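Notes follow once the structure below has been shown.
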Amino acid sequence: MSAPHLLASGSGDEFEAPGLEIFHWGPLFPDGPSWLHWLTKPTLIVALAGLIAIVFAWRAFAGAQLVPRGMQNVGEVAYLFVRDQVARPMLGRDGDRWMPFLFSTFFFILFMNWMGVVPVLYLPVNSHIAFPIVFAIAVYVMMLFLGIKHQGLVGYFKNMMFPPGLPKPLYVILAPIELLSNLILRPFTHSVRLFANMFAGHLLLAFFASVAYWFLVEKLTVLGAGVGIVGFVMTIVMTAFELFIQALQAFIFTLLAASYIQSGLHADH
């Protein structure tokens, strides 16, 4: 991360932990024409992550050989991981049919998350709530469309709100809970889970990196050097941990997307 974004206090006399300002990015060309103001660091990273995902898939699967080599090896391992850990467990016989969507979703989100530890970029785009919301809404609309298409409008809501085999008086309580859970809480929790983990992880990385920078560069003293070294070590440790969390959250988001697709294709109960 660049020093201005690591130190909330700039070059003041007292250390200040970085705050929400590290997530605020204006236009890349503020003095340019107004129609170009949409081009910010987050939108640039989204485009870059999408391009990387496309190039990865193209290099891995275009002109595939019977005996895989190089990038095709990596692509096939990645494909088998998504298929065997997400698609088939969640969707069963429909899993292979949904692999293009699930494979693309996993790696698109993964590459966006990993941008949080790439030098110069240092921003997991999903730490901006707007992006996870868009992804969650896309899955949510798909779930509703598939549910109504395969179960019918009445059948979909009936299967959702009135699971069979329960005492009828219980439906008075259960039906509104199921409706609330499926129509409101699902897209909310789907997006917030990804956002909260990326937001918190980025803030922690910025904090430890700013501690290291402040006590080892800005205000180097004998006593402060120890604190700075701790900050430096923790930055490395947290970076490794964040790489794992970023991959895990991409996996969980894709797993839940597959689960919601399955609930649209077939009744949950």
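Label positions at Leu243 and Ile177, each projected 7 Å from the Cα along the C-beta direction, are separated by 4.3 nm. Helices in the chain, meaning DSSP H runs of at least 4 residues, each add -39500 (n - 2.57). Divided by all residues, the mean residue ellipticity at 222 nm is -21000 deg cm²/dmol. Membrane-span-like helices in the chain (whole DSSP H runs, Cα extent of at least 15 Å along the helix axis, mean Kyte-Doolittle hydropathy of at least 1.0): 41-61, 99-114, 130-151, 222-265. Take the Cβ atoms of Val230 and Val118, set R0 to 30 Å, and the FRET efficiency comes out at 0.80.
Highest mean packing first, where packing is the average number of other Cβ atoms within 10 Å per residue, the peptides 28-37, 171-180, 44-53 line up as 44-53, 171-180, 28-37. Take region 221-269 with all the other protein chains still there, run a 1.4 Å probe, and you get 47 Å² of accessible area per residue. Taking amide H positions as modeled 1.01 Å from N, with prolines and chain starts lacking one, the residues under 5 Å from Leu28 and 5 or more places away or on another chain are Leu39, Thr40, Lys41. Per-residue extension of 0.36 nm, minus the Cα-Cα distance of Ala267 and Met142, leaves a gain of 43.5 nm for this segment.
Remark: the Cα gyration tensor places region 182-269 in the prolate category, a/c being 1.5 or greater and a/b exceeding b/c.
For Lys158, a cut-off of 18 angstrom between C-alpha atoms picks up these aspartates and glutamates, skipping any fewer than 8 places away in its own chain: Glu178, Asp268. Taking a label point 7 Å from the Cα of Arg193 along the Cα→Cβ vector, which residues of region 122-139 have an amide N closer than 18 Å to it? Answer for this model: 126-139.
The values are calculated or read from the model by the stated rules, or taken from the named source; none is laboratory data. Computed from a prediction, not measured in an experiment: that's the story for all the values here. All Cβ positions, even for glycine, are placed from backbone atoms using ideal geometry, and neighbour counts span all protein chains on display. Remember, those area values only see protein heavy atoms, side chains included, never the ligands or the DNA or RNA. Shrake-Rupley method; radii C 1.70, N 1.55, O 1.52, S 1.80 Å.
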